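Peer 1: Below is one structure. I have some questions about it.
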Amino acid sequence: MLQMTAGKVADPGSGDLAAWLGTIGTWLLGIIAAFIAWVQYDHNKFKPQVTAYRDTNKRIVVRIANRGAGSGTIEAVHLLPGGHGSNTPALLVNWEFAGAKVEGVVFVPFMLPGLGTAQLVMLPIDPITPSTRARVTYANNRKSPCVELAEIDGVVLGSTMIPGAGDPQRA
């Protein structure tokens, strides 16, 4: 019902409408702020993405690209034969640095910076079969999914490259 007040018509429901609009606006801003906070949190995590290749020179190249802005530790890189369980023994490999095989190199965990990429080149000692997969252990013993080795017609350019690490042959 409308009332007349000093020559003006007052709608008693208009205060309720303003309160509802204010409440909806507050909730909407809260949801938008929570979404932005989640996007920032997700962006700042360590998110390694693993790809693996086998070229015509029988080299295995594992690339680890950190899609997040946070740094993390790469603890191990393994080539696994069929049966990719956590207790499957890894294949033996030599490492390639500066385009040459380096025997006796032991994998040492390294930090992968935010938005950084590492390329690890392995020269397998054990035979590689179609069921061989690459797996990376990172950030407190979490394991990447087993990645199939993509066959490349040609040679993958480059050698082992770890951001911030020097050439082990010079050490």
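Peer 1: Residue under question is K58, and the condition is that it be among the basic types (K, R), surrounded by fewer than 15 Cβ atoms within 10 Å (Cβ to Cβ) and at positive phi; does it hold?
Peer 2: Yes: the conditions hold for K58.
Peer 1: Hey, could you check segment 153-171 for residues that are at pLDDT below 90 and charged (D, E, K, R) and say which is nearest to A65 (Cα to Cα)?
Peer 2: Checked segment 153-171; the qualifying residue nearest to A65 (Cα to Cα) is D167.
Peer 1: Oh, and also: Considering G68, G72, which residue is of a type in the set (G, A, S), assigned by TED's automatic domain parsing to the domain that holds V147, touching a helix residue (DSSP H, G or I) at 6+ places or on another chain (Cβ under 7 Å) and surrounded by 15 or more Cβ atoms within 10 Å (Cβ to Cβ)?
Peer 2: G68
Peer 1: Filter segment 54-90 for residues that are closer than 16 Å to V121 by Cβ and over 24 Å from the mean Cα position of the chain (by Cα) and give the result.
Peer 2: Hits for segment 54-90 are T56, N57, K58.
Peer 1: Further, regarding this structure: Could you tell me how many of the residues in segment 62-102 are among the hydroxyl-bearing types (S, T, Y) and within 25 Å of D42 (Cβ to Cβ)?
Peer 2: Summing the residues that are among the hydroxyl-bearing types (S, T, Y) and within 25 Å of D42 (Cβ to Cβ) in segment 62-102 gives 2.
Peer 1: Considering segment 44-98 alone, what residues qualify as being touching a Phe, Trp or Tyr at 6+ places or on another chain (Cβ under 9 Å), in a loop (DSSP other than H, G, I, E, B) and within 13 Å of A139 (Cβ to Cβ)?
Peer 2: Across segment 44-98, the qualifying residues are F46, G68, G70, S71.
Peer 1: Do you know which residues across segment 25-55 are free of Cβ contacts under 8 Å to residues at least 60 places away in the same chain and surrounded by 15 or more Cβ atoms within 10 Å (Cβ to Cβ)?
Peer 2: K47
Peer 1: Does segment 96-112 include one or more residues that are closer than 18 Å to L149 by Cβ and under 15 Å from the mean Cα position of the chain (by Cα)?
Peer 2: Scanning segment 96-112, I find no residue that is closer than 18 Å to L149 by Cβ and under 15 Å from the mean Cα position of the chain (by Cα), so the answer is no.
The values are calculated or read from the model by the stated rules, or taken from the named source; none is laboratory data. Given the structure is predicted, the values throughout are model-derived calculations rather than measurements. So basically every Cβ, Gly included, is an ideal-geometry build from the backbone, and we count neighbours across all protein chains shown.
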